[in-house]
Protein chains: 2
Amino acid sequence: MQDVVLLAHGSGGTMSRDLVARQVLSHIANPILSRLDDAAVLDTEGRLAFTTDSYIVDPIFFPGGDIGRLAVCGTVNDLSMVGATPVGLSLALIIEEGLPFETLDRIMASVHSTCAEAGVEVVTGDTKVVNRGKADKLFINTAGVGVIQNDIDISGSNARPGDKILLNGHIAEHGIAVMTSREGLTFSSKIQSDCAPLNGIVRDLLQAAGKSVRSLRDPTRGGLATTLNEIATQSGVGILLEEAAIPIGNSVRAACDMLGLDPLYVANEGKFVAVVAPEAAEAALSALRRHPLGTHAGIVGEVIEGRKGKVMMHTRLGPTRPLSMLTGELLPRIC
Amino acid sequence: MQDVVLLAHGSGGTMSRDLVARQVLSHIANPILSRLDDAAVLDTEGRLAFTTDSYIVDPIFFPGGDIGRLAVCGTVNDLSMVGATPVGLSLALIIEEGLPFETLDRIMASVHSTCAEAGVEVVTGDTKVVNRGKADKLFINTAGVGVIQNDIDISGSNARPGDKILLNGHIAEHGIAVMTSREGLTFSSKIQSDCAPLNGIVRDLLQAAGKSVRSLRDPTRGGLATTLNEIATQSGVGILLEEAAIPIGNSVRAACDMLGLDPLYVANEGKFVAVVAPEAAEAALSALRRHPLGTHAGIVGEVIEGRKGKVMMHTRLGPTRPLSMLTGELLPRIC
């Protein structure tokens, strides 16, 4: 393997993890950064959450969303995944010279409407322009800060054997929507990205299940299988998934079959996994199902004692098989 | 003019201001964002500062620094400019496929050493990779959060007639260092970027002058003239600059003469302007001069009653002339 960055290093899978561990954390590791949760929690005058993500999705408009909506949702969702209420977002644009004002206008309108939907505001920003051919239309970075109620302690490290794994709906929609749009594919019914701000549904979940919520994580790059592997590793537990319980829409399933993609590894942008103590699982599930973003919510698996650091899946056909993390790149520039 | 983004929209001058006002703020303006200070101040469990900047400097290594050092200093400095003590930084990388690990390694080592110099840490991050030819080696976004002591109220809106304008040292070094490096120019003595974290010297200034410090701003893109115009506009005051008092190194002056550049419009990355009440100006100046980053500090002008929103300069030759904001692009991709 050459000592250069490859597209696969941006995949969210094992190669991403290794790149971050070897080329980034090796230089700047500290106890906060090294927790590798979706947002940093800073102990300063109350508990503060702080997160960042750059968005390089191609194309910048896709069915069900665009790079602006994605940038707002992604960062709101990362804050939500540590149980924080978003306080403010930053928005930093890197624009390729020649981008039509009309395009930027549409993106910014989408940023605005998505902020309104999530009940957050952009509070600081930056704009840079680079020469033609030195970027690809538009890249967006959003960082976010949020506050965390004192009794909440949510982390990928907190899952315990017996906990239930909840998921708020159909998987793989974002990845398939972007990919079919990019490749100009059409299916009988148009597949829309699930891109949505999750802070509202997470708030409802926390009201219903409170301190019984151990871990939250949104399965973006790398998909559900990669996200569950991260939780299994961070918590030092096994996870057993029930294939028949995982919600997948028929169009997405058909598209994945045709394209040879495993939906468990395809990115989502409006889904999250909640690891919940067993005694609170039913109350948590009811709370999810009452929210518009959780009508198809279900319990898709549980945390187990054995198989530490591994994810197993009990398949529809009977046998149980291991589900590894994504290796390499499945769908480049999906977010 | 075509309805597309031009390189000049990234200049930090009037075209940047207009782009932000018309294409960005028009969609997402709110009282916090619209203050247009270097960092957002959020009233939540104590006063929090939050800022973001993307770095697209070309080349990524230049005399006196690199894109990693720049990204840390830039965001630490933006926090310092609202009187905040940095609490944590985010670091988001957009990497062009093919970037050698060795290059990334050098940049990350520089991020680390600059963080150590500033006494801050990166607490959250993100890494994306795009195809060859869809970015230019490496872009970095850093966001930062900081806390502000309760009695501090520093803003570009607070300058009052009679206030003194302080500057901590020689101007135009960063812009000239990057430009000569990019163009392969050599001068008799090598000009180094002034890129440095300003939180230490700002802390010393605030200890010496406290609430007498009205405004702080670092003259990055657009240079000293543009920064003073911003303060004059935000505060609704005039500013009178004394040309003979502005510190400029001989090499930089020679380079500017040869290149036909006005150093007042060239970017700095380790300089700041402090607007200080007249009774505290001498104490403030002494504090600056005691710090290694302020040995050449001076009082370069004052806030005046008339000429609201304008910057005037009393020239070496006698006459007083207006100094407008930068229009268009002077040095693209300088930070």
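Using heavy-atom solvent-accessible surface (probe 1.4 Å) with all chains present, what is the largest-first order of A:102, B:97? Mind dumping the intermediate values first?
Details: A:102 105, B:97 45 Å².
Heavy-atom accessible area, descending, gives A:102, B:97.
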Shortest first and in nm, the label-point separations between residue A:182 and its counterparts in the other identical copies (7 Å out along Cα→Cβ) come to 3.0
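Between Rg and the Kirkwood Rh of the protein assembly as shown, both from Cα atoms, what is the Rg to Rh ratio?
Details: Rg = 25.6 Å, Rh = 25.6 Å.
In the protein assembly as shown, Rg relative to Rh is 1.00.
Taking each residue in A:133-146, count the Cβ atoms of any other chain within 10 Å of its Cβ, then average. What number comes out?
Numbers: counts 3, 10, 8, 5, 2, 1, 10, 2, 13, 5, 13, 4, 10, 1.
If you average over the peptide's residues, the count of other-chain Cβ atoms is 6.
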Whole-Hz Karplus couplings 3J(HN,Hα) for segment B:307-313, θ = phi - 60° and coefficients 6.51, -1.76, 1.60, Gly and Pro as x, run 6, 3, x, 10, 10, 10, 10
Total charge dipole magnitude, the protein assembly as shown, about the Cα centre, Cβ charges on Lys, Arg, Asp, Glu only, Debye to nearest 20: 160
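Within 10 Å of each candidate Cβ there may be at most 16 other Cβ atoms; applying that plus a DSSP loop requirement, which GluC sites (Glu not before Pro) in segment B:186-293 survive? It would help to have the intermediate numbers written out before the result.
Details: sites: B:230, B:242, B:243, B:269, B:279, B:282; in loops: B:269.
Qualifying residues, ordered by number: none.
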Taking H placed 1.01 Å from N in the peptide plane, check which residues at least 5 places from residue B:64 or on another chain put their amide H under 5 Å from its amide H. B:193
Accessible area of residue B:22, 1.4 Å probe, to the nearest 10 Å²? 150
When all protein chains stay in place, what accessible area (Å², nearest 10, 1.4 Å probe) is found for residue A:101? 30
Percent carbon-and-sulfur accessible area, segment B:184-322, ignoring ligands, DNA and RNA, probe 1.4 Å: 51
Give the Rg/Rh ratio for segment A:164-322, taking Rg as the radius of gyration of the Cα atoms and Rh as the Kirkwood radius, to two decimals. 0.97
In deg cm²/dmol and to the nearest 500, what is the mean residue ellipticity at 222 nm of chain A if only DSSP H runs of at least 4 residues count, each as -39500 (n - 2.57), divided by the residue total? -8500 deg cm²/dmol
State, in square angstrom and to the nearest 100, the accessible area buried between chains A and B, both chains counted, probe radius 1.4 Å. 6700
Using only Cα atoms, locate the centre of segment A:261-322 and the centre of segment A:57-77, then give the distance between them in Å, rounded to an integer. 24
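Using only the heavy atoms of the protein chains and a 1.4 Å probe, how would A:160, B:221 rank by accessible area, largest first?
Working: A:160 135, B:221 50 Å².
Accessible-area ranking of A:160, B:221, largest first: A:160, B:221.
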As a test question: what accessible area, to the nearest 10 Å², does residue A:114 have when a 1.4 Å probe is rolled over all protein chains in place? 0
Label spacing, shortest first and in nm, from residue B:26 to its equivalents in the remaining copies (7 angstrom along Cα→Cβ): 4.8
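So how many Å³ per residue does the convex hull of the Cα atoms of chain B work out to?
On the way: hull volume 48.5 nm³, N = 335.
Spelled out: Cα convex hull of chain B, divided by residues, is 145 Å³.
Largest first, what is the accessible-area ranking of B:55, B:265 with a 1.4 Å probe? Provide the component values of the computation, followed by the final result.
Numbers: B:55 5, B:265 30 Å².
Order by accessible area, largest first: B:265, B:55.
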For chain A, modelled as a Gaussian network with Cα springs under 10 Å, which listed residue fluctuates most, A:290, A:203, A:132? A:132
Lys and Arg at +1, Asp and Glu at -1: neighbours of residue A:292 with Cβ under 14 Å from its Cβ sum to +1
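Which FRET efficiency, nearest 0.05, do residue B:321 and residue A:21 yield, Cβ-Cβ r, R0 60 Å? Each step should come with its number before you reach the end.
Numbers: r = 56 Å, r/R0 = 0.94.
In this case the efficiency is close to 0.60.
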Sites residue A:117 and residue A:152 - FRET efficiency at Förster radius 22 Å, r taken between beta-carbons, to 0.05: 0.40
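Using a probe radius of 1.4 Å on heavy atoms only, what accessible surface per residue do you get for segment A:164-322? Whole Å² is fine.
Counting only protein heavy atoms, the per-residue value for segment A:164-322 is 39 Å².
The values are calculated or read from the model by the stated rules, or taken from the named source; none is laboratory data. This one's a predicted model, so the numbers in the text were calculated from it and none came from an experiment. No Cβ is skipped: glycine too gets one built from the backbone with ideal geometry, and neighbour counts run over all protein chains shown. Quick note on the areas: whole protein, heavy atoms, side chains included, nothing else; ligands and nucleic acids left out. Shrake-Rupley method; radii C 1.70, N 1.55, O 1.52, S 1.80 Å.
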